[in-house]
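Chemist: Sharing a structure below in structure tokens format, with a few things to ask.
Readers should treat all values here as calculations from the given coordinates under stated rules, not as data from a laboratory. Fair warning: this is a prediction, and the values are worked out from it, not measured in the lab. Backbone-built Cβ (ideal geometry, glycine too); neighbour counts: all protein chains shown.
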Amino acid sequence: EYLVSKGAKVILCSHLGRPDGKADPAYSLAPVAKELSAQMNQDVLFSDDDEVVGDKTKQMVESFKKSNQSVMLLQNVRYRPEEEKNDPAFAKELASLADIFVMDAFGASHRAHASTVGVADYLPAYGGLLIEREIKYLLEVLDQPERPMTVIIGGKKVSDKIGLIENVMDKADYILIGGAMAFTFAKAMGYSVGKSIVEDDKLDLAARIMENAKTSRAKLLLPVDITGSTEFSNDTPKGEYPINAIPAEIMGLDIGAETILNYSEVILKSKTIVLNGPMGVFEMSNYENGTRSIVQAIADSDSISIIGGGDSAAAIKQFGLEDRMTHVSTGGGASLEMLEGKVLPGVKIIL
């Protein structure tokens, strides 16, 4: 809309799913063109070209340039195997259609593909409005945060979040751990964790993190109690147990009431908060309380709140709190990598 308001003609390209480098009607962007037309209240041209930049598209672009229409959408760039290989020839084909490249696909910016990175070798490249916002909150705010800064990390695996933990250890004031990854820490402390998910090959890693936390800026907080059941099910009876005394038959599925109080106390005094990962199996109503309570505390806090990761964004949406967060990142893997301190290929080209 911004580009069109400035008199530009916009050719959009994107991917959908994983069609494995070949045309597949199940992954056509035709429905996207239809919905975009409705959203923009104007006709969006769609080039239903299995080659993406074949003769059909080239002819349509020439007509488009002379027409009074403003927006055109190409077919799924992943119909071409060259896309994910960042093939220079395909990138050049895409670039041949336009004068300027605007990179605004933050969710794909951690992938060096032809349409996210390669095109920049042939056209002047700029970041879009979304990329600008993501950089502002995931890079600039975290570089000089208002303090106290609290980073809340959940999810299944310590191994998935080790880069994030290590990157924020000397930047944050508090790190709060939740989700199944907490049980790897608990077992590393010598506690019995029952049937809870544990990465046994990462116990040394968890122990190292806890040891490093003793001398880092951030205070590392772990759950003191959990909610669990005998089965991974919403239908079996649940109970609360101390983290250091989980019965052998119990599987931990959420953080407990005392942990919620401890974490909420930290959250409510924080000025910058980053959430990456849920506190439990929030998709099941019996085990959503931990995640719900934590995101509610974030919403109630007087903080800059940054939500990164697909599961975190889904939880915020599930609990209807999107409008009360400062920034909900559109990138799952991309936001995690940026929070880890990595320079993303699709961001590097416009910095």
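Chemist: Within segment 60-87, whose backbone N sits under 15 Å from a point 7 Å along Cα→Cβ of residue 51?
Modeler: Under cut-off, by backbone N: 60-62, 75, 79-82.
Chemist: With each pseudo-label sitting 7 Å past Cα toward Cβ, what's the residue 192-residue 159 distance in nm, one decimal?
Modeler: 2.7
Chemist: Projected onto the charge dipole of segment 192-249 (+1 at Lys/Arg Cβ, -1 at Asp/Glu Cβ, origin at the Cα centre), which of 229, 198, 209 gives the Cα projection farthest towards the positive end?
Modeler: 209
Chemist: Could you quote the convex hull projected area for segment 154-238, Cα atoms only and averaged over all directions, in nm²?
Modeler: Computing the convex hull of the Cα atoms and averaging its projections yields 5.6 nm².
Chemist: Follow-up. Placing +1 at every Lys and Arg Cβ and -1 at every Asp and Glu Cβ, with all other atoms neutral, what dipole size does segment 41-112 have around its Cα centre, in debye to the nearest 20?
Modeler: 140
Chemist: Given the C-alpha centroids of segment 135-194 and segment 278-351, what is the distance between them in whole angstrom?
Modeler: Centre-to-centre distance over Cα atoms comes out at 13 Å.
Chemist: Grab the beta carbon distance between residue 265 and residue 235, set R0 = 30 Å, and tell me the FRET efficiency rounded to 0.05.
Modeler: Efficiency for this residue pair is about 0.35.
Chemist: Determine the gain in length on full extension of the stretch residue 5-residue 257; use 0.36 nm per residue of separation and subtract their C-alpha separation, reporting nm with one decimal.
Modeler: 85.6 nm
Chemist: Step by step: find N for the chain, compute 2.2 N^0.38 Å, then divide the Cα radius of gyration by it. What's the final number?
Modeler: Compared with the compact-globule rule of thumb, the chain sits at 1.14.
Chemist: Under a plain spin-label model, where a point goes 7 Å from the Cα along Cα-to-Cβ, how far apart in nm are residue 122 and residue 204?
Modeler: For the pair residue 122/residue 204, the computed spacing is 4.9 nm.
Chemist: Can you give the translational diffusion coefficient of segment 101-182 in µm²/s, computed by Stokes-Einstein from the Kirkwood radius over Cα pairs at 37 °C and 0.692 mPa s?
Modeler: 219
Chemist: Right, another one. Any idea what the dipole of segment 55-191 comes to, in debye rounded to 20, about its Cα centre with Lys/Arg Cβ at +1 and Asp/Glu Cβ at -1?
Modeler: Approximately 440 debye in magnitude.
Chemist: Taking 0.36 nm per intervening residue step and subtracting the Cα-Cα distance, what contour gain separates residue 30 from residue 65 on full extension?
Modeler: Extra length from residue 30 to residue 65 when fully extended: 10.5 nm.
Chemist: Specify whether the C-alpha gyration tensor of segment 176-329 places it in the rounded, prolate or oblate class, a ≥ b ≥ c being the square roots of the eigenvalues: rounded for a/c under 1.5, otherwise prolate if a/b is larger than b/c and oblate if not.
Modeler: oblate
Chemist: I would also like to ask the following. Picking from 54, 94, 155, whose Cα lies most toward the positive end of the charge dipole for segment 1-157 (charges on Cβ: Lys, Arg +1; Asp, Glu -1)?
Modeler: Highest projection toward the positive end goes to 155.
Chemist: Hey, another quick one. Over the chain, what is the mean sequence separation of C-alpha contacts under 8 Å (at least six apart), divided by residue count, expressed as relative contact order in percent?
Modeler: Across the chain, relative contact order equals 16 percent.
Chemist: Multiply the residue separation of residue 85 and residue 214 by 0.36 nm, subtract the distance between their alpha-carbon atoms, and state the gained length in nm to one decimal.
Modeler: 42.1 nm
Chemist: Assign unit charges at the C-beta atoms only (+1 for Lys and Arg, -1 for Asp and Glu), then state the dipole size of the chain relative to its Cα centre in Debye, rounded to the nearest 20.
Modeler: 580
Chemist: While we're on this one: If r is the Cβ-Cβ distance from residue 302 to residue 130 and R0 is 25 Å, what FRET efficiency results, to the nearest 0.05?
Modeler: Efficiency, from the Cβ-Cβ distance: 0.45.
Chemist: Rounded, prolate or oblate, given the Cα gyration tensor of segment 1-136, with a/c below 1.5 counting as rounded?
Modeler: Since a/c stays below 1.5, the shape of segment 1-136 is classed as rounded.
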